[in-house]
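This report refers to the structure that appears directly beneath it.
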Amino acid sequence: MKATITVLPGDGIGVEVTNQAMHVLSRIGTQYGHDFTFHEALIGGIAIDKTGTSLPDETLTIAEQSDAILLGAVGGPKWSDPTAPVRPEQGLLKIRKHFELFANLRPVKAYPALAQHTPLRAELLENVDILFVRELTGGAYFGPRQEQGDGDSAYDTMLYSVPEVARVAHVAFRAAQGRSKKLTSVDKANVLASMRLWRRTVGEVHEDYGDVALDHVLVDACTMYLMTRPASFDVVLAENMFGDIITDEASVLAGSLGMLPSASIGAEKFGLYEPVHGSAPDIAGQGKANPTGTLLSAAMLLRYSLGLEEEAMALEQAVEAALVSGARTADIAPRGGSYISTEEFTQTVIGAL
Ligand code: NAD
């Protein structure tokens with residue numbers, strides 16, 4: 001097949017990890033007879049420096065003409081003033097909204113070989129393989145707000161409509177059907193009206209998915225269960241802000257932020273794929289970045305936007321094989337042990353392919 005992929009490296013290690021993902025995708029193209037074209041464009045701090053805005057119109061035009069977006073990370077100390085009118089992360093929020101990418105999929109898998117990098121006992125990590133589905137374009141991050149007002153008060157509004165909840169619930173139920181047919185919906189229905197609407201709507205959508213077992217959990221309890229019995233979760237659905245928080249909490253189960261991929265998808269096949277981590281200014285430019293999160297994001301791109309399941313699985317298995325063979329970037333190396341560079345790790349994955 002022919003596919004065009006917009007690559008938005010962004011800032012810091014975003015540049016290094018997207019570069020590696022392009023190598024791997026090119027390799028998969030050659031191996032399976034696909035023609036992948038990459039179009040690079042600007043987002044984040046580098047876009048602010050070059051154009052004055054974090055998401056130039058040209059980037060949106062390029063992305064609109066492509067099949068999917070692969071993004072690195074945005075931000076860094078140079079643009080970190082939270083009161084600046086133009087900030088790198090605005091580009092991210094804008095691009096998700098522009099393409100109505102309302103569902104954020106974040107798989108979190110615990111690799112036994114990395115158990116020593118987590119604060120949990122190894123036995124708690126056995127069989128941990130969770131798919132988080134986070135609502136991405138609603139709730140308090142997008143609801144009506146008053147930034148400063150009179151300076152004495154401010155508010156954000158957690159606003160959800162039934163269609164907004166229903167469409168992301170459908171994504172989660174369908175994902176659960178393809179896995180172990182178990183869905184946990186996270187809310188705070190005991191306190192928040194918007195979360196009572198959430199629980200009611202998820203329950204209504206459940207009527208279409210009789211083969212999936214649904215369970216509602218309050219977000220505060222969920223944060224605790226994620227640490228005390230993480231293997232009991234399979235697909236977890238949460239609204240935007242709760243999803244933001246619990247997925248970062250769950251990221252510790254994987255051993256390093258560098259391991260985690262994500263996909264932001266909408267009603268169509270088009271999607272945006274990015275590692276969960278940020279631009280990691282502390283290690284940028286040193287060849288120390290773990291490219292796994294981005295490589296696994298590229299696998300999700302193959303699966304969801306291009307419909308290439310076999311290729312996606314081949315890439316995921318190659319990453320796992322590299323880890324099993326002992327390939328370690330600095331963040332997942334044994335304490336005091338040796339490690340390989342970003343590029344060497346990618347070459348090991350390519351070798352396994
Ligand atoms: P970060 O994720 O960039 O880094 C946190 C820690 O994890 C650092 O010690 C870093 O070295 C390490 N780390 C992250 N990714 C790694 C990888 N692939 N391999 C090895 N180690 C890795 O978070 P931060 O330090 O809080 O933020 C840095 C900048 O990134 C900030 O400007 C922040 O706003 C931005 N940020 C962007 C995104 C995004 O683009 N989606 C997400 C989070 C943070």
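Laboratory data are not the source of any read-out in this text; all were calculated from the coordinates shown. Being a predicted model, the structure only gives us computed values, none of them experimental. Cβ placement follows ideal geometry from the backbone for every residue including glycine, while neighbour counts extend to all protein chains displayed.
What pairs from LYS109/LYS182; LYS2/LYS97; LYS50/LYS78 go past 19 Å between their alpha carbons? Exceeds cut-off: LYS2/LYS97. Peptides 169-175, 84-90, 204-210 ranked from most to least packed by the mean count of surrounding Cβ atoms within 10 Å: 169-175, 84-90, 204-210.
For the chain, state what percent of all Cα-Cα pairs lands in each successive 10 Å bin, counting from 0 Å until the bin that includes the largest distance. Going from the shortest bin to the longest, the percentages are 5, 24, 34, 27, 9, 1, 0. Rounded to the nearest Hz, the phi-derived 3J(HN,Hα) couplings of the stretch 85-91 under the Karplus curve 6.51 cos²θ - 1.76 cosθ + 1.60 (θ = phi - 60°) are x, 10, 10, x, 5, 4, x, where x marks glycine and proline.
Relative contact order of the chain: what whole-number percent is it, with Cα pairs under 8 angstrom and at least 6 residues apart?
About 20 percent, as a whole number.
Can you give the FRET efficiency for GLN146 and ALA166, using 1/(1 + (r/R0)^6), R0 = 30 Å, r = Cβ-Cβ distance, to the nearest 0.05?
Result of the calculation: an efficiency of 0.55.
Its DSSP H runs of at least 4 residues, each contributing -39,500 (n - 2.57), put the calculated 222 nm mean residue ellipticity of the chain at -12000 deg cm²/dmol, to the nearest 500.
Bridgeable aspartates and glutamates around LYS188 (alpha carbons under 14 Å apart, same-chain partners fewer than 8 residues away excluded): ASP215, ASP220, GLU239.
Relative contact order for the stretch 119-239: 38 percent, from Cα pairs under 8 Å spaced at least 6 residues apart, divided by residue count. The Cα-based radius of gyration and maximum Cα-Cα distance (Dmax) for the stretch 244-289 are 13.0, 39 Å. Divide the volume of the convex hull around the Cα atoms of the stretch 1-123 by the residue count and you get 163 Å³ per residue.
Across the stretch 1-112, the relative contact order, built from alpha-carbon pairs under 8 Å that are at least six residues apart, equals 33 percent. Here the Debye sum runs over all C-alpha atoms of the stretch 162-306 as equal scatterers in vacuum, and log10 of I(q)/I(0) at q = 0.11, 0.12, 0.14, 0.17 Å⁻¹ comes out as -0.47, -0.56, -0.75, -1.07. For the stretch 40-112, the square roots a ≥ b ≥ c of the C-alpha gyration tensor eigenvalues yield an a/c of 1.5 or more together with a/b not exceeding b/c, which makes the shape oblate.
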